[in-house]
Amino acid sequence: MNQSALNLIAVTVFAFTMLSLLGPVIHVSPLVTAIAAGGLLGAATLDTLSWQGRGGTLLLDWVAGFSPEHRARVLRHEAGHFLVAHHLDIPITGYTLSAWEALRQGQSGAGGVSFDTTQLDAELLQGKLSAQQIDRYCTVWMAGIAAETLVYGNAEGGGNDRQTLYALWNALRRSPAEAVLKERWATLQAKTILEANRAAYDRLVAAMERRDSVEACRAILDSSLDASSPSAA
């Protein structure tokens with residue numbers, strides 16, 4: 001559970017606690033508190049069962065969006081995924097930087113960079129997933145954490161990225177201990193790629209903040225990489 005969710009839960013619990021304590025003083029019936037708590041619980045249950053938790057995700061993302069640091073972290077996290085995927089020739093189909101943007105594009109969750117996983121899915125179905133494919137996708141999944149660590153010295157996001165890596169390991173019937181090692185290796189690989197292409201990364205961050213198209217972002221990366229190549233000197 002992320003910090004925004006924990007903060008919202010803490011505020012809600014505090015509010016209901018204070019309402020219960022101060023209710024008799026300010027002449028608020030305990031029934032009102034009970035109805036409010038029941039309504040909130042019912043709404044949360046309905047959201048979970050009927051909308052797969054999207055309402056809660058939107059609410060948490062909206063609350064977190066008031067923090068400039070949170071928005072900056074999300075931007076830099078997703079730019080890390082984008083650059084590393086582009087560097088490893090994994091097709092990028094889109095990106096969003098908030099749950100609202102994701103909802104408008106018909107996606108679930110809190111947003112992020114979308115990849116074409118057709119080749120990965122095909123190999124998984126055939127039971128012949130190559131070591132190269134595993135390394136490529138694990139590096140891309142850990143790139144957001146690597147980007148946050150590179151910029152801020154630590155990572156607050158990336159829980160879903162880790163879950164994706166561990167889900168793959170579970171599907172491959174490989175040991176969880178090995179997955180931990182792969183996570184560390186992939187994070188280091190992604191950080192190395194980002195450090196080697198820092199100028200391109202910074203330009204990509206600016207482009208994604210403007211909500212440039214995927215094609216425009218790719219062009220920025222290509223031009224930055226071309227400019228930094230030895231032949232351009």
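The values are calculated or read from the model by the stated rules, or taken from the named source; none is laboratory data. Being a predicted model, the structure only gives us computed values, none of them experimental. Every residue, glycine among them, receives a Cβ derived from its backbone with ideal geometry; neighbour counts consider all protein chains shown. Just the protein is used for accessible areas: all its heavy atoms, side chains included, with ligands, DNA and RNA removed. Shrake-Rupley method; radii C 1.70, N 1.55, O 1.52, S 1.80 Å.
So the values come out like this:
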{"quantity": "Condition broken by Val151, with the remaining ones in (1) open to solvent by 40 Å² or more (accessible area, probe 1.4 Å); (2) more than 18 Å from Arg71 (Cα to Cα) satisfied", "calculated": "(2)"}
{"quantity": "Failed item, numbered, when Ser229 is tested on (1) under 22 Å from His70 (Cα atoms); (2) modelled with pLDDT under 95", "calculated": "(1)"}
{"quantity": "Verdict on Arg136 being among the basic types (Lys, Arg), in a helix (DSSP H, G or I) and in contact with a Leu (Cβ under 8 Å, 6 or more places away or on another chain)", "calculated": "yes"}
{"quantity": "Residues of segment 95-117 that turn out to be buried (at least 21 other Cβ atoms within 10 Å of the Cβ) and modelled with pLDDT under 80, as a count", "calculated": "4"}
{"quantity": "Options Arg184, Arg218, Arg162: the member that is under 19 Å from Asp89 (Cα atoms) and charged (D, E, K, R)", "calculated": "Arg218"}
{"quantity": "From Leu124, Leu120, residue being surrounded by fewer than 19 Cβ atoms within 10 Å (Cβ to Cβ), assigned to a helix (DSSP H, G or I), of a type in the set (A, V, I, L, M) and in contact (Cβ under 8 Å) with a residue 40 or more places away in the chain", "calculated": "Leu124"}
{"quantity": "Within segment 157-187, considering residues that are polar (S, T, N, Q) and within 19 Å of the chain's Cα centre (by Cα), the one least open to solvent (accessible area, probe 1.4 Å)", "calculated": "Thr187"}
{"quantity": "Residue count, segment 169-184 (criterion: in contact (Cβ under 8 Å) with a residue 40 or more places away in the chain and assigned to a helix (DSSP H, G or I))", "calculated": "3"}
